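The values are calculated or read from the model by the stated rules, or taken from the named source; none is laboratory data. All of these numbers come straight from a predicted model, not from anything done at the bench. Positions of Cβ are generated from backbone atoms using ideal geometry, with glycine treated the same way; all protein chains shown enter the neighbour counts.
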Amino acid sequence: MLEGIALHRITLAEAEPWIDHLGSCSACFAEFNAIRKGFQTRRNIALGSTVGVLLAALALWFSQSHFAPVADDTAILDLRGYSTERGSQAQTKQTYLEMNRHTRHLILYLPMGTTEGRYELVLMKDTGDELLRTTGSAQLENHVTILKADIDLSTVPRDSCFLGVRLPDLDWVRFPVRVF
């Protein structure tokens, strides 16, 4: 039947002598159909295997340390894009950072050029009245100064306020915060 046909891609000119025969011989057409379905099955298996390997590689990449796990009670605030204007004047042009009232731990990525050391943190109203005060330690990690502090926001009202950050005896650097 079709044993004489090489099982590889052939040109239309090479297949032309067989086209009329396939159209008139049901046994040859059935054999041709079985061969075609075999090629499709092998192609689908190869495609599925490739997709599976890519998904496994992607899952492995994501499971590694590209995203540090953070507990539900930890807030991470990236202050690197905020200005570091010092003083008591409200900085209303900056977008609000958000913290949940369940926050117990605070991680701050401080603006470029910030030094390591022990920092004071305060949540204050725009009038300057303090809502909460704590301290934390900042260390340089991968060229970023990271400040870590324990904080309990459960008593802070849901409202907009400012997070003040400073080294002792220096002016506050204020960042707009919304507690929800």
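Summary table below
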{"item": "Residue in segment 156-179 that is in contact with a His (Cβ under 8 Å, 6 or more places away or on another chain), assigned to a strand (DSSP E or B) and small (Gly, Ala, Ser) present", "result": "no"}
{"item": "Sole residue being farther than 15 Å from ILE76 by Cα, of a type in the set (A, V, I, L, M) and buried (at least 16 other Cβ atoms within 10 Å of the Cβ), chosen from VAL177, VAL165, VAL173", "result": "VAL173"}
{"item": "Candidate set from segment 97-111 (those that are crowded, with 16+ Cβ neighbours inside 10 Å and either touching an Asp or Glu at 6+ places or on another chain (Cβ under 6 Å) or not aliphatic (A, V, I, L, M) (or both)); member that is nearest to GLY136 (Cα to Cα)", "result": "HIS105"}
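Table: residues versus (1) part of a loop (DSSP other than H, G, I, E, B); (2) modelled with pLDDT of 90 or more; (3) in contact with a helix residue (DSSP H, G or I) (Cβ under 9 Å, 6 or more places away or on another chain); (4) surrounded by fewer than 13 Cβ atoms within 10 Å (Cβ to Cβ).
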{"residue": "ILE45", "(1), (2), (3), (4)": "no, yes, no, yes"}
{"residue": "GLY52", "(1), (2), (3), (4)": "no, no, no, yes"}
{"residue": "LEU60", "(1), (2), (3), (4)": "no, no, no, yes"}
{"residue": "HIS66", "(1), (2), (3), (4)": "yes, no, no, yes"}
{"residue": "VAL70", "(1), (2), (3), (4)": "yes, no, no, yes"}
{"residue": "ILE76", "(1), (2), (3), (4)": "no, yes, no, no"}
{"residue": "GLY81", "(1), (2), (3), (4)": "yes, no, no, yes"}
{"residue": "SER88", "(1), (2), (3), (4)": "yes, no, no, no"}
{"residue": "GLN91", "(1), (2), (3), (4)": "yes, no, no, no"}
